[in-house]
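What follows is a short report on a single structure.
The values are calculated or read from the model by the stated rules, or taken from the named source; none is laboratory data. Bear in mind the structure is a predicted one, so any value in this text is a computation, not a measurement. Note: ideal-geometry Cβ built from the backbone for every residue, glycine included; neighbour counts use all protein chains shown.
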Amino acid sequence: MRLQEQGARPAGWVDISLSHALSPLEALSGFFRKTIVIAEFEVRKLRHDPTELVTRAVQPALWLVIFGEVFSRLRAIPTGNVPYLDFMAPGILAQSVLFISIFYGIAAIWERDLGIIHKLLATPTPRPALVLGKALSAGVRSLPQAVFIYILALILGVKMNLNPLDLIAMLIAVVVGAGFFATLSLIIACIVKSRERFMGIGQVLTMPLFFASNAIYPIVMMPAWLQLVSKANPLTYTVDALRAMMLQGGASSFGLGLDFVVLVVATAVLVMIASSLYPGLAQ
């Protein structure tokens, strides 16, 4: 003991801290493994309450069947050569993703009240992995909505794109878009820390985000100031990507590359912000 205190090293001594140092690849692999574990833990809740899938399908069905069919007959919104119902279907999917994810933070507040967050923060799981895992689980929860809206749109006669590669890219866009809004929701939950305040802010955000996007009408119809707001709205890029991949002959107004870059970068920034705020939620 005295030899060690004086800095001496006994024969055969090995620096355990160095021998167990993780390589960057091992650290990255461990990070993603922990992220998947958190996401699987969150998705498991959905398996215990499958009725949630049915209730969430009601709202997009009403928008497509009622709002979409009526405005298709009125021809009040110019959408070029694309029928209005076709134009609207990707926007309704993006709306569903928004509505599912923007209230995701309330689950974090419930977990704080139940003591779950304290247990998670006591583990060696990196804070970004906790946040990213929850964002990923929100994306997985949105996938059944994509399947439902695809089927409903086909029944209504929308010319949907069934190319397998485009379908995969569409699902990725859904997951990333849901991840962005779920992370935004977690940030709000970390700041307000109250279910009542959170619900008020969530309800205030959903409609402006939805209507200040290209979900149900083209951006060119908007006044100049609202066009600027729309181009700063991540939901606009989600809709743009979905519209290009979901519809036969669909095209992106901004370019699919820009759509995905905006969504991925914006989500990464919010994940880092939420990671720094997340421990404060437990206080």
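For this structure, a couple of remarks:
Let's see how each residue does on (1) farther than 14 Å from PRO218 by Cβ; (2) touching a helix residue (DSSP H, G or I) at 6+ places or on another chain (Cβ under 8 Å); (3) touching a residue at least 24 places away in the same chain (Cβ under 8 Å):
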| site | (1), (2), (3) |
| --- | --- |
| GLY80 | no, no, no |
| PRO90 | no, yes, yes |
| SER96 | yes, yes, yes |
| ILE109 | yes, yes, yes |
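- The number of residues in the range 238-252 that are touching an Asp or Glu at 6+ places or on another chain (Cβ under 7 Å), of a type outside the set (D, E, K, R) and either surrounded by 23 or more Cβ atoms within 10 Å (Cβ to Cβ) or assigned to a helix (DSSP H, G or I) (or both) comes to 2.
- Every residue from the range 121-132 that is surrounded by fewer than 18 Cβ atoms within 10 Å (Cβ to Cβ) and not in a loop (DSSP other than H, G, I, E, B): LEU121, ALA122, ARG127
- Test for PHE211: is it surrounded by fewer than 20 Cβ atoms within 10 Å (Cβ to Cβ) and closer than 30 Å to SER72 by Cβ: yes
- Residue, nearest to LEU167 (Cα to Cα), within the range 202-236, restricted to residues that are in a helix (DSSP H, G or I) and in contact (Cβ under 8 Å) with a residue 40 or more places away in the chain: LEU235
- Check on ALA274, of a type outside the set (Asp, Glu) and closer than 18 Å to VAL175 by Cβ: yes
Listed here are the residues, each with its yes/no results for (1) within 23 Å of ARG141 (Cα to Cα); (2) at pLDDT below 75; (3) surrounded by 10 or more Cβ atoms within 10 Å (Cβ to Cβ).
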site: GLU5; (1), (2), (3): no, yes, no
site: LEU18; (1), (2), (3): no, yes, no
site: THR51; (1), (2), (3): yes, yes, no
site: ARG56; (1), (2), (3): yes, no, yes
site: LEU74; (1), (2), (3): no, no, no
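- Flag if PHE31 is at pLDDT below 75, assigned to a helix (DSSP H, G or I) and surrounded by 14 or more Cβ atoms within 10 Å (Cβ to Cβ): yes
- The residues on offer are PRO279, PRO234, and the sole one that is closer than 15 Å to THR183 by Cα, buried (at least 20 other Cβ atoms within 10 Å of the Cβ) and of a type outside the set (A, V, I, L, M, F, W, C) is PRO234.
- Candidates are the residues of the range 133-182 that are among the charged types (D, E, K, R) and assigned to a helix (DSSP H, G or I); the one that is surrounded by the most Cβ atoms within 10 Å (Cβ to Cβ) is LYS134.
- Criterion (closer than 19 Å to PRO234 by Cα and not hydroxyl-bearing (Ser, Thr, Tyr)) met by exactly one of ALA135, ALA129: ALA135
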